[in-house]
Each structure stands twice: as structure tokens, then as C-alpha cells.
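Single-structure report; data block below.
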Amino acid sequence: MFNSLTERLSQSLKKIINKGRLTEENIKNSIREVRKALLEADVTLSVIKTFIHNITEKAIGKKINKSLTPGQEFIKIVKNELILIMGEKNNSLNLSVQPPAIILVIGLQGAGKTTTLAKVAKRIKEKNKKKILITSTDIYRPAAIKQLKILSDQITIDFYQSYINQKPIDITKKAIEFSQLKLYDVLLIDTAGRLHIDQNMMNEISEIQNYAKPIETLLIVDSMMGQDAVNVATKFNDHLKISGIILTKTDSDCRSGVALSMRCITGKPIKFIGTGEKLDKLEPFYPERIAERILGMNQILSLIKDIEEKINKSEVQKLTNKLKKGENFNLNDFLIQIQEIKKIGGLNYFAKKFSNNQQLLNNPLLGADKNTLKKIEAIICSMTSKEKIDPSVIKGSRKRRIALGSGTKIQDVNQLLKNFDSIKKIMKKIKNGGFRKIMRNIKNILPRNF
């Protein structure tokens, strides 16, 4: 969803990020490029005007001209404005009410409303540990009730059976009574959609909302609709009390303008985004993370997350303690770190994360073929204990023996020793900081002030 905007903005901002000094002229040139990128992303014109006005006002002035890294400061301003128009922070579901907390799900037909309700129910069950009941008041769409029943079975959540010969308001009343009687924590109600907004649909949902008094009324919006999605949200918001929006199909190649425009136009927060068809593909909408993703920073953040989850922290701690004691980083330690990298996904994983960072891809280690880690392991395992502890003893005859034993070339052994020397220097720099400082060094790949 955000790929095209990311690519366009990256090209625009690349011209200014390394500027040693910002002038009114190069700021205006960059802002012009940003405006074009937003227009291509199908962002609403009124939102673009506000966005550009705020950037211009904050960028042109004494403060930015005095910055030590003015180009990077400009990127920071762009990022902060992206966050502002998307809502500053994530707005989670409000379940703080006497049970049952009623959540009403509304939207047009085809937006993914029923599937999204099941995703929300699954998330509440797993994250909030609540007892949940779901029901459908969609008596018009063929098999809508059956679809929700099948989904409820898949996520093992109770379903209140409704029938097409019932009135939607009667289904609502009976479902609420049942949820109160059986002491459910949360009741999610699916409503009927139409291919377009009409008065009958609005009257029906309004009647359900007035009776149920839901703590949350979630509008499901198809992000592939573009500008029409913003118009739909505005009309629903004019007729009903909406508490939040969920964008579906964000894994498609749709333009990202809807995500940037929705909060600014409707005043309602985007609470979740659907990132795939599977029932676990629902993510909280964090404006800061989306801004970082748009600016091409999400690779670093997901890398840090994977490292924190998959790396064996006890091995990292052993290495940290060893360095703190003044002991040297040797090839035994290096071998352990290589094995940890394999847990994350190997060098191909890093290459994908940094596909836009040519400087990193030019690194001999990252730029190598997919068998590099296996090759490194084979070379180190072909060394003697003395050679692993003190690689400086590895000269001509030893190199030939190691290459022969590992099935590699002498050039490969030389390259490994060269890379090891570089890594050894890095380890000396971070030896006093432990795991947190390692994470901080990874984050420092980002432009300053992010």
C-alpha cells in the first residue's frame, strides 16, 4: 500500500538529506517534490494543503538553518507532520464498560466487514482474554450469517444464531439479552452493508446503534476505493456516531492516500489495518510506525524486532561480559554470532531489509552469495583451537590447509580474516554498552534525529 509513496518520497528527500545548509530555495524545491508525491498517492487536496503549509512554516526559518544536520532536520519535520495528520498515537479499543462491551461493525458491502469482525474478535480473545459472543444482523446478503458462523468456528468463539426471517433490531435485542444472561464480556454485532449508502441502511444501523448503545462503532473501509473511501467515511460519520475506522486490503497495491486523509477529514482514528486475508492479519494502526514505513525506515524497525525476539540473549550476555572483562573477541565468538544470524534468516534476510541501502549492500559480507554463512562456518571449523583464539598466526601454509579442509579458496579465508578484523573493531567500540548498545548501533544506521 505504501510502497509507491515510499519510493517517490525517498527520491524526493534524498536530494536534501545530505545538504550542509538549507536555503529557502532548496526547501521549496523539496516541498514541491513532496507535494507531487502526495498527489500521486491520491491524498485529499485539502490534506495536502494543510500538510505542505505546516512543513513550509516549520522548515523555513532560523531554527532549521542553525541545525547541525539541517537536511536530516527537514526529514524529521516531514515525519512529524505525517504523524500529525494520521492521528499521533494508536487508539486501542475501549472495553472499559460494564459487560457486555458491545462493538458494532458497519460498512459497505464488499469492504471485508464480516471477516474483519472475526479478526477483531480473535484479537480481543487473544490479547484481552475476554469471553466473546458474535452475531450477524445481515439478513439480506446470501449466506452472510452462515459465513460468520463458519468464521466463529475457525476462531473458536461463540456465535449467537440469527435467521433471515428475523428483523435486525430483534436479533440485536435477543443477542444482548443472551450475552447478559451468559455473562459474556464482549458482544460483536455484524450489520448489513449495501453497494452504496442509502437511507434504509442508515435508518437500520441507526436503530441498532440507538438500542445497543455500543462502546465502539467501527467503520470498515476498503482502502482500494481511494478518494471514494474518504467520502464514504465522511457520510457514515455524518449519520452515525463512529468511534474508529479499520482499513482493509492494505496488502494490495492500492494508493496510500486513504490512510493519510482519513483521520484528517473525518476526525476519527484509524484503529486497525487489515494486512491479509488470514484471520490473524490485523494490525493496530500506529501513525509513527506508518510514517517511518513511508519514509523507508520500517526495515530497520522490523530488523530490531526480529533480533530482539530470535537472538539468544544469554549468548549475547556472555559475549558482553567477556568484553567487559577485557578479553578479546575471537573466531569462536564470531562463529556463535554467525549461527545467531542464521536464526534470524541469514544474509538474504538482511539483503532484503536493506534493499534500498546501497552503501550497506556494497559491504562484502552482505553482498555475498546465499552460501556465505555456511562457508564461514566451514572455514572456522577447519581451524585449530589456537587459530580461532589468535587469528594473527594464520599465515600462508595455514591458510592453504584451512582452505583445503573447508572446501574453499585461499581468497575466501583472506576475506573472512579481513571481515573479522573489521567486526573486531566494532566490538571494541560497543564492549561497554551490552545488548542495548548493540541495538542502538543498529538504529544509528538511520539518519540522525529520527
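The values are calculated or read from the model by the stated rules, or taken from the named source; none is laboratory data. Here the structure is a predicted model, which means the values were calculated and not measured. Neighbour counts run over all protein chains shown; Cβ positions are idealised from the backbone, glycine included.
So which residues in the range 1-54 are modelled with pLDDT of 70 or more and not in a helix (DSSP H, G or I)?
Ala41, Asp42, Val43, Thr44
Out of the residues in the range 226-249 that are of a type in the set (Gly, Ala, Ser) and part of a helix (DSSP H, G or I), which is farthest from the chain's Cα centre (by Cα)?
Taking the candidates together, the pick is Ala233.
Have a look at Glu277, Glu283 and point out the one that is over 24 Å from Pro100 (Cβ atoms), acidic (Asp, Glu), under 20 Å from the mean Cα position of the chain (by Cα) and part of a strand (DSSP E or B).
Of the residues listed, the single one that is over 24 Å from Pro100 (Cβ atoms), acidic (Asp, Glu), under 20 Å from the mean Cα position of the chain (by Cα) and part of a strand (DSSP E or B) is Glu283.
Considering every residue within the range 438-446, establish whether at least one is closer than 19 Å to Gln339 by Cβ, modelled with pLDDT of 65 or more and assigned to a helix (DSSP H, G or I).
No, that holds for no residue.
Does Arg263 count as buried (at least 17 other Cβ atoms within 10 Å of the Cβ) and not assigned by TED's automatic domain parsing to the domain that holds Gln147? Working first, answer last.
Numbers: buried (at least 17 other Cβ atoms within 10 Å of the Cβ): yes; not assigned by TED's automatic domain parsing to the domain that holds Gln147: no.
Spelling it out, it is not the case that Arg263 is buried (at least 17 other Cβ atoms within 10 Å of the Cβ) and not assigned by TED's automatic domain parsing to the domain that holds Gln147.
Show the residue pairs that are 6+ apart or on different chains and have beta-carbon atoms under 6 Å apart, the first residue being within the range 176-203 and touching a residue at least 12 places away in the same chain (Cβ under 8 Å), the second being assigned to a loop (DSSP other than H, G, I, E, B) and among the hydrophobic types (A, V, I, L, M, F, W, C).
Gly193/Leu108
Go through the range 376-417 and report how many residues are within 17 Å of Asp333 (Cα to Cα) and in contact (Cβ under 8 Å) with a residue 40 or more places away in the chain.
So the count comes out to 11.
Can you run down the residue pairs with Cβ atoms below 7 Å, 6 or more apart or on separate chains, where the first is in the range 47-61 and in the same structural domain as Ala37 (by TED's automatic domain parsing) and the partner is in a helix (DSSP H, G or I) and among the polar types (S, T, N, Q)?
Listed by first residue and then by second, the contacts come to Val47/Ser261.
Do the conditions hold for Ser422, that is, is it assigned to a helix (DSSP H, G or I), modelled with pLDDT of 80 or more and either of a type in the set (Phe, Trp, Tyr) or surrounded by fewer than 16 Cβ atoms within 10 Å (Cβ to Cβ) (or both)?
no
Restricting the range 216-242 to residues that are of a type in the set (Ser, Thr, Tyr) and in contact with a Leu (Cβ under 7 Å, 6 or more places away or on another chain), which is farthest from Gly267 (Cα to Cα)?
Applying the filter and picking the extreme gives Ser223.
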